[in-house]
Structures are given as structure tokens and as C-alpha cells.
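The values are calculated or read from the model by the stated rules, or taken from the named source; none is laboratory data. Keep in mind it's a predicted model, so treat the numbers as computed, not measured. A quick note on method: Cβ atoms are made from the backbone with ideal geometry, for glycine too, and the neighbour counts reach across all protein chains shown. Accessible surface is based on the protein model in full, side chains and every heavy atom, while ligands, DNA and RNA are left aside. Shrake-Rupley method; radii C 1.70, N 1.55, O 1.52, S 1.80 Å.
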Amino acid sequence: MLELNDLSIVYPENHGPLTAVDHVSLRLERGGRLGIIGESGCGKSSLALSLMGLNRKARTHGTIVYQGVQLNGQSDKAFKAVRWKKIAMVFQNGSEVLNPVLNVFEQLDEVLKTHRRFSTKQRRELVLTWLERVGLDRNWAFEFPHRLSGGMRQRALLAMALCCEPELLILDEPTSSLDARSRSELMGLIDSIQADQGYSLILISHQLSVIEAMTTDLLTLYAGQMMEYGPTHTLLHHPMHPYTRGLINASPDYQIYKELWGMPGGNHETPASNGCPFAPRCVQKGPRCKNSRPQVQIITDGRSLACNKGGIEILLKGEHLHKSFALKKGTVQALCDVNVELKSGEILAVLGKTGSGKSTLAHVLSGLYPSDQGRLTFWEPGLDSLSATRKRDGLQIVFQDPYSSTSHRMTVLDTVKEPLDILGWGTSESRRDAALSALAQVELPNKPEFLEKHGHALSGGQRQRLSLARALTMKPRILIADEITSMLDPSSRANLLRTLMGLQNAQGFSMIFITHDLFLARKVADRVMVMDRGRCIEQGSSVRVFQNPFHPRTRELVDTMLGNVKNEPMLGMKQNVYNLLKPREAETFFQVNHNKEQRRTP
Amino acid sequence: MNRFTKNLHYFSPTGKAGLIILSLFFLMAVFSARLTTHPHDVSSGKALMPPCFDHVLGTDDIGVDLWSQLVYGARISLLVGFLTAGISGCFGALVGMFAGYTGGWMDRFFMRIIDGMMVLPDLPVMIVLAAFFGPGLAQVILVLSLFSWVFTARIVRSRVLVIKQKEYVIYARISGAGPVYLMRKHLFPEVLPLVWVSMIRLAGKAIVAEAGLSFLGLGDPTSRSWGLIIYHATRFPGIYYTRFWTWWLLYPFLALSGMVLALAFVCRDLETLADPRMNQKISGGV
């Protein structure tokens, strides 16, 4: 029905042309529901306005074809023929769009009068019917817009757009100023009317939950360029472009547990036209991204992607990893057929009880000892776990015990630049500079007197920051954090975690966060891997695993550590006892405790 | 020097006394020519003179001044003590570090040798060896070193085993540090205080052992160590029936005991300083 071919929209600005939409092609079928997401200024609204022919200042290249008729490049007539009658739009800001000197009825009436040929009586009836259909009481019809609430104004605008019975409805942020209840009401309304009328829908929104509920296909735009396109649900749950993932990670409706972090560097100048526009902010940019503009490639099942690296890279992949340790009697299987995958810019939390093989996994991945069986592949062919830890831009590990992971005898400066010294990287000045900047990153002072301090003169929190700084001097691509906060007090732990997460967001390194603290993992992780007795029993997105664990043991872990604690601490304890002991033993345990309590109270 | 004065603060009064006595002996050895008026190897007076103004500590059976012998003997004792300690300390440290670092069969091999050396009764074997090599200062030092390195090696190895498991060493290792780097940067500086302590202890032992060997007649007959003075004194037939022992035997004995006691005091304080639990106090080694 609607077809955009290589559409570009350029605003002739004083300091040079500004490309708002850059070579976008897409098709929308009758009854289709397309969502468009992207940061502010990415060209969503320009695109919508151009579809309505309302973007008079801009020059358009390429074609907008509606039902076989090219709209742009012609006189305004072509647009007039379809505007409101065929394509209608609900604007973002109700209070600005509605005419303040006309009441709601008059505004709707005006639209009908212009675009449809009805008698006055018919028009009146139609307006009032539509207002009722969108859930606005007749009494409000004769009020001026300023007397209406935001939700009511939005409804009036919707009625205005729908009263000409268009074939394509464009909604530009229809719900952004509404509360949750009005939002869901409005969404339901649009949904039910769509089922009734069968119009196609283009929905522009920052609220991803609205997008997911309302649309079937989704387009992500960045700097006017199409980054990713595909079925909404798949795209939102398995994004392939770092930008799409960044949008999802910054969205509170999807990151319900994790701390929210926006993509860093939002106010960059428009990047050079010959490279990938997202490259300056991308976590996995390579040398090619600077110079070569990514072409839109069709991946599978209606998904297409514009990324020079073919989407989010897989940095590390372990397949069928086995590791056992010899004991005096027999062996202990620390890792048993573990598969692990880490994407770029992702935080994978490895959870499990003590002795479940979490640290062994970290040690195998960082090359501390080789796995008995299985294959470990890294982002570069020919790289193994040994060479990955011995290069900049490689893999780094931070250990659990700050007192053991940094030498008490070495000075702060020597400790931080040690890996660079071992590598023989650069000159001694550049190593020192790298160490100083790493210290600044972890918020440790870099004054000379502090640099000369010995490890033993620092607190546990400081030493853990020191070992983090040491890893950061190597500008790692992957950071393995092995229970790094377990030995710190709550305040130092929170501070260290915030620093770490901030650094992760700014530098974009991938992280394997090993912990037994589910609360912490929930705050940190994008994806979760649960280990039990050396096996990986469950992997999935953090939200899914914590809300709906599949494996009974994961369920047990989540229930005992999170579920019951949330409701009643004592109940959680009780549940723990039941889990640990057999039912009869547990009964006895509580009976004995109960008797003791009774004896204590006279 | 600054660090030395800083560390001096941690010494106990006995340790300080030990240091003073030790430095006095050192001065004695260094300035022996200026401290004596008589030669130490040629007769300079009547035989068996009791202490008097000319010969402050008297003379021995052939009229050699005892004070001169004692002063020059300090040279021998210190030389033997510290050379033995140095050789065996360095060798032991190397072996210990190597065995601890490499582990596996190398470690087991060295440990069995050390165990064997430890259970051997050292004095009889030393006598046999000294007899085999013949009398002489170098031989004495060699024989003593041969038996002393095992203690240092054992201590160093156990410490290296602990440090090797520390995560900062593991981190350096996975960052690409080779054995030489690890030993130079991490292992050696960590075990150095322990090596110092064991060397001081060995010095005391070596001085006594040298005296023992000399006393048994296995020392260097041309030198005049304290052990040899005692050896000659006890060989004198009437030593137990006369009052000669009050100067001839007593003063070398006092010098020997003083030196060993001083070393023991210093060693005890150094041990406390080098204790891993007191690591905070000995940043950068003793």
C-alpha cells in the first residue's frame, strides 16, 4: 500500500544541508502495523510529516508511493488528495496542535467539512459518534481545548484523525504524556477501532512496551538511517544491532531490574557521511566502520540489518567445556559440558551456589588452566585464552579477594601498570599515563603521594578498585569479574558496582559477572547463566530467568533467595529449611524451635 | 640509611644490644691492626703471662699476645660466619625458589635431598668431610655451606608455595609474565626478608661450627680463629690444674659467646619483623 524507495529528506539549513532521513526504503501492506523507534532527532517525525506532505521546507529525494501513485516530487495536489482522507496523523502534542479558539466539536467539524462532503446534520452526528467512540463524553465536545485534560485532548486528536476514516493512521508519540491507565485505554481504543476499520498503522513511540503491544513490524532509525528492521517481538527480544539493544537497555519497560544506562555520547556532531553513523558510539566499532557505510542486508524471516559487522558480534564462545580436578580419592567434575556465549557489550551474570563451577569457568575462560575437553573460540581467529589475556583490547580478569589480587608490597603505580610493563607496551611515560587515566576512571586519586603508597596501606575497597584499574589499563574487550564485590562492605560494594557499570556503559566492554548474589545479578545482568554442579542448567535474558525460570533448580534458587524474602523474611528462612532438610526433619526442626520459644516465655 | 633507622625503631632493647655488640666486633675486625700493639702470630712476651698492662689479656704458651689473637680471630670468625651464611643463603634461596616455583617432580626431588641432608648428623659428617678436604679456611667454609643451605631452601620454598597461589602472581602469569619476571618482581622481594633472617641465623651457627671444627683440630692451622685458641688452650696439659684458663680459655670463650648471642638477639628481632603477619611493618624488605 505504502512504499518508500530510497527516501531522503534534507533540510537546507544555514550552515549546510541537514539530512533528517537518509536513504530509507520500506513497504507497508494494508492493515500492517509498523513501529518506528529511535532517539530524538533521528528523523522519525520528519518521516511522518513527509508522508503527510507537511514538510514543506525539506527537499525529498527518492519516492513515496501510495497505492501506486507517487506523492512526492509532484505538486501539493497529490498530497492533498490523500491527506486526512487516506492518510491521517495524530500529532505528538495535543495542546499545541489543537486550535485554542475553536471548541473540540468545531475542530472536528472543520476537518470533515474540508475533506468530506456531508450535510451539516450528518457532520454533527458523525463528530459526536466519533467522540463517543474514542471515549470522550458528548458534554466535552463543546468545550475549548484548554479545558480538556491531556488524555482527553489526545482522544480528541484521535477522533479528528479517524473521523475521515483513513486507510493509514500515523501516530506520533500518542501516549507519551498519558498516565498508565489512559495509555492502555487509548491503546485498546486504537486497537479495537483498527480491528473494526482495518486501517494500517505507523506508530512512532519511545515507549517500547506500547510499540510491542501495538505493532507487528519495527524499524529503528539512527541519524535518519535505517539500522534494523524486522518483526517487532523478535527485534525487541533478540536485537541484532547494538543501537537497537542500546534503546532497549535504556528503556524501563524492558530493563525492569537492571540499572538504566543510556547509550553514551548522545550529542555528537553528525558523523561523516561515508562511514556508519552510529560508529562513534558503537561498542564494537572496527576500522571499517569509520569509512564504509553499512548496507542494508536481509538476514532472515523478514529481518534486515545495516551493520558492517553483521550485527552484534559474538566475542567468546565456549562449546562443550569440561574440566575435572583430581582429588585424593576420585575426581571432581567442576565443569561438565558447559556452553557459554558472550556478545559484545553484553553483561552475562553467572549464578550458582558455592562450588557450582562458576569460578572454574572464569579460570578456564581466562586461560588460567586449560579445559579438558571442548572448544573455546574468541572474536579473532587464532586467538586462544592464553593470548587473549596477553594483549591489549583482549580479555582481563578481576579476582574476588582484593587482598590477594594486588600485592601488598608493590606501589599503586607499579601495580596498575604491571600488565603493560609485562607486555612492554609503549614507552615508560605512556605506560604511566595509561595507569594514571585508569586510576582516574576507577575514581582513585592520582596524586604522586598516592601513587607511591604500598598496597598494604589501602583499604579493601581501594585495593579492589586498584585491581580493576589494572585490568582497565589493558582496555579490555571482555572483563571477567569473579565475585569482585563479595568481600566488600555494602557501601563500598555499591560504589564499586556503580563505577564498574558506568565504565562498562562508557567503554562498552563485555562482562562476565560471576556472583552468588541474585539481588546483585538482577541489578547488573543483561543475560543470566545458572550453574549447578558444574553444569549450565539455564541461560536466558535476565528478566526471563528471574521472572519465569524454567529449570526446577533455578526456580528453587530464585524462590529461596528472592521470592520469599520479598514477601516475608521468616517464610524465606522456613522455605530454606524445607529445601535443605527432608519434610519430616523440617517439621521436627520447627517443632523443637517452637518448644524452645515457648519455654523461654513464662 | 633512612629505612635502616626507621626499622631500628622496631628492634627490642636486646636486639639493639645485639646490633651494638655485632658492630663492635665488626669494628674490631676491620681496625684490628690499629687496636693491637703486638703481632698475633709471633711471640711477643713471656709464655703464659697473666693479663697485665702490656698484654691486656695475657699471653699463651708460646708468648703470643692473646688480645691480638682475639682481635685478629674476629676477622676469621666473621669471615667464616658471613661467607658461609652468604653462600648457603643464596644457594638455598635459589633452590627453594626454583623448587617451589616449578613444583612437580623437581620439587619432590629437591625436597628429598633436603630431607636427607636434614636428618644426617651434621657434626660427624662435617668432621669426615673436613678431614677429606684437608684443613684450610676455604674448606671449612665449603663444608659448613654444604650443610646450611637446606634450612634456607626449605623456608623459602614453603613461602614461594604460598605466594605462588596469590592472585596477583596468577594475574601476572596470565598476563604473560615469564618465570624470570615473576621471580624478580614478586617471589624474590617477598622471600628476601626470610632469607636475611635465615642468613643471620646461619652466620651464628657457622661461627660456632667453625670453632667446633677448629677445636677438633680440623680448622686452618695457619689462621688464628677463636676456635683454634681454645683448641690450643685445651691441648695444654696443665690447663685444668692451673689458673691459665682464666685468661687463655675464658676470653676467647666470652668473645665467641658474645658474638653468637648478639647474632641470636638480632635474628630474633628480624624474625618478628619478617613474620608475614607483620608484613605491614616491613614494606620493602628489612
query = Protein chains only, probe 1.4 Å: how do B:Met183, A:Met487 rank by accessible area, largest first?
reply = A:Met487, B:Met183
message = Give me the summed buried accessible area for the A-B pair, 1.4 Å probe, to the nearest 100 Å².
response = 2100 Å²
message = Can you give me the C-alpha center-to-center distance between the stretch A:193-225 and the stretch A:43-101, rounded to a whole angstrom?
response = 17 Å
Kyte-Doolittle at least 1.6, axis length at least 15 Å by Cα - qualifying DSSP helices, chain B = B:13-30, B:122-133
query = Counting only the heavy atoms of the protein chains, how much of B:Val128 is accessible to a 1.4 Å probe, in Å² to the nearest 10?
reply = 100 Å²
task = Please work out whether the stretch B:1-93 counts as rounded, prolate or oblate from its C-alpha gyration tensor, where a ≥ b ≥ c are the square roots of the eigenvalues and a/c under 1.5 means rounded, while otherwise a/b larger than b/c means prolate and anything else oblate?
result = prolate
inquiry  = Give me the residues in the stretch A:442-483 whose solvent-accessible area, probe 1.4 Å, is reduced by at least 20 Å² once all protein chains are included instead of the chain isolated.
reply    = A:His454, A:His456, A:Arg470
ask   = Based on DSSP, what percent of beta bridges with both residues in the protein assembly as shown are antiparallel, to the nearest 5?
value = 60 percent
request  = Between beta-carbons, use under 15 Å as the cut-off and find the net charge around A:Pro287, counting Lys and Arg +1, Asp and Glu -1.
outcome  = +3
query = For the stretch B:170-246, which chymotrypsin sites (Phe, Trp or Tyr not before Pro) are in a loop by DSSP, counting at most 12 other Cβ atoms within 10 Å?
reply = B:Tyr240, B:Tyr241
inquiry  = Suppose accessible area is computed on protein heavy atoms with a 1.4 Å probe; arrange B:Thr246, A:Thr554, A:Thr354 from highest to lowest.
reply    = A:Thr354, B:Thr246, A:Thr554
request  = Indicate the gyration tensor shape class of the stretch A:348-505 (rounded, prolate or oblate), computed on the Cα atoms with a ≥ b ≥ c the square roots of the eigenvalues: a/c under 1.5 is rounded; otherwise a/b larger than b/c is prolate and the rest oblate.
outcome  = oblate
Shielding by other protein chains, A:417-426, mean Cβ within 10 Å = 3
query = In peptide B:163-170, what is the residue-averaged number of other protein chain Cβ atoms found within 10 Å of each Cβ?
reply = 6
message = If I stretch the segment between A:His237 and A:Gln547 completely, what's the gain in nm (0.36 nm per residue apart, minus their alpha carbon distance), one decimal?
response = 110.1 nm
task = Any lysines with Cα under 25 Å of the A:Lys453 Cα? List them, leaving off those in the same chain fewer than 8 positions away.
result = A:Lys417, A:Lys475, B:Lys6, B:Lys164, B:Lys166, B:Lys185, B:Lys281
query = Ranked from the most accessible area to the least, with a 1.4 Å probe and all protein chains present, what is the order of A:Ile202, B:Ile230?
reply = B:Ile230, A:Ile202
ask   = Within a Cβ distance under 10 Å of A:Ser510, other residues only, what is the Lys/Arg minus Asp/Glu net charge?
value = -1
inquiry  = Tell me which GluC sites (Glu not before Pro) from the stretch A:1-49 have a DSSP coil assignment and no more than 16 other beta carbons within 10 Å of their own.
reply    = A:Glu29
ask   = Looking at A:Ile202, A:Thr220, A:Leu178, which one has the Cα that reaches farthest to the positive end of the dipole of the stretch A:178-245 (charges on Cβ: Lys, Arg +1; Asp, Glu -1)?
value = A:Thr220
task = Work out the length of the dipole vector of chain A about its Cα centre, built from +1 on the beta-carbon of each Lys and Arg and -1 on the beta-carbon of each Asp and Glu, and round it to the nearest 20 debye.
result = 420 debye
note = Counting only DSSP beta bridges with both partners in the stretch A:405-550, the antiparallel fraction in percent, to the nearest 5, comes to 60 percent
task = Determine how large the accessible area of B:Leu35 is when every protein chain is in place; take a 1.4 Å probe and give Å² rounded to the nearest 10.
result = 80 Å²
key: Once exposed loop trypsin sites (Lys or Arg not before Pro) are cut out (DSSP; at most 15 other Cβ, 10 Å), longest piece of chain B   = B:47-242
note = Sparse-neighbourhood loop hits (GluC sites (Glu not before Pro), the stretch A:393-496; DSSP loop; Cβ within 10 Å at most 16 others) -> A:Glu443, A:Glu452
task = Please sort B:82-88, B:37-43, A:540-546 by packing, taking for each peptide the average over its residues of neighbouring beta carbons within 10 angstrom, highest first.
result = B:82-88, A:540-546, B:37-43
inquiry  = For a distance above 27 Å, tell me the whole-number percent of Cα pairs in chain B that qualify.
reply    = 49 percent
query = So how long is each side of the stretch B:88-153 along the principal axes, counting just the alpha-carbon atoms, biggest first, in Å?
reply = 39, 21, 14
task = Write down, largest first, the equivalent ellipsoid semi-axes of chain A in whole Å, where each equals the square root of 5 times an eigenvalue of the alpha-carbon gyration tensor.
result = 53, 33, 22
query = Average partner chain C-beta neighbours within 10 Å, per residue of B:171-182?
reply = 6
